[in-house]
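The values are calculated or read from the model by the stated rules, or taken from the named source; none is laboratory data. These numbers come from a predicted model, not from an experiment. All Cβ positions, glycine included, derive from the backbone under ideal geometry; neighbour counts span all protein chains shown.
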Amino acid sequence: MSHIFILLDWTLLAAGLAVTVAGFVFGAFFAWITRLGRPQIIAVSLETAMQNANIAFVLLKTTLPTPYSDIAALPAIAQILMTTSILFIFFFIIKIYRCVKNRSNKNKEKVEEEEETTKSLMLRDYADGSNGNARKVETPPPQYYGGQVTPEFSWATRPSLIVPSSPTIDPRIIA
């Protein structure tokens, strides 16, 4: 069987590539014409490209005697090699694309999470503007002895019976 790879040349591989691409294209086109869904279009395209070479290879190997069947199966072997190489190339392209996309999404999520955290740490004040209308002003959170406290946890800094002298600097939180 190893002598078959010695007999393969670029013209057989080019012909196998042409038949494979034609199988993908025509299979997808006719599946699209019959209004199949995207998963079915992909399945028909793959089946059309792959099954032709396999059927030809089996028929040639079973009907002809050994030296003639090996030589006659060369185009089918070239098509099988091209079909699998195209599928592996597409597989690796999709994997690389998803990996890059996931990395960029993680970076965007980190930036959005940092922005969201910063926004949640900002106190929203409503100060009177010069024309008498209330305008929204965001100010940074007050500094406490234990670090910054968000408005959601401002109750923890209020003086209570348990901790009578809770440290607060900003009187807005006590109210």
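Of all residues in the stretch 85-135, those satisfying the criterion of being modelled with pLDDT of 65 or more and among the small types (Gly, Ala, Ser) are Ser85, Ser104. Given the condition at pLDDT below 85, surrounded by 11 or more Cβ atoms within 10 Å (Cβ to Cβ), out of contact with any Cys (no Cβ under 8 Å at 6 or more places or on another chain) and assigned to a helix (DSSP H, G or I), answer yes or no: does some residue in the stretch 6-25 qualify? Checked the stretch 6-25: at least one residue is at pLDDT below 85, surrounded by 11 or more Cβ atoms within 10 Å (Cβ to Cβ), out of contact with any Cys (no Cβ under 8 Å at 6 or more places or on another chain) and assigned to a helix (DSSP H, G or I). The number of residues in the stretch 33-46 that are within 15 Å of Val21 (Cβ to Cβ) and of a type outside the set (A, V, I, L, M) comes to 1. Among the criteria (1) assigned to a helix (DSSP H, G or I); (2) surrounded by 11 or more Cβ atoms within 10 Å (Cβ to Cβ), the one Lys95 does not fulfil is (2). Cβ separations smaller than 6 Å between residues 6+ apart or across chains give the following pairs from the stretch 44-61 residues that are buried (at least 19 other Cβ atoms within 10 Å of the Cβ) to residues that are aromatic (Phe, Trp, Tyr) and part of a helix (DSSP H, G or I): Ser45/Phe24; Ala49/Phe24.
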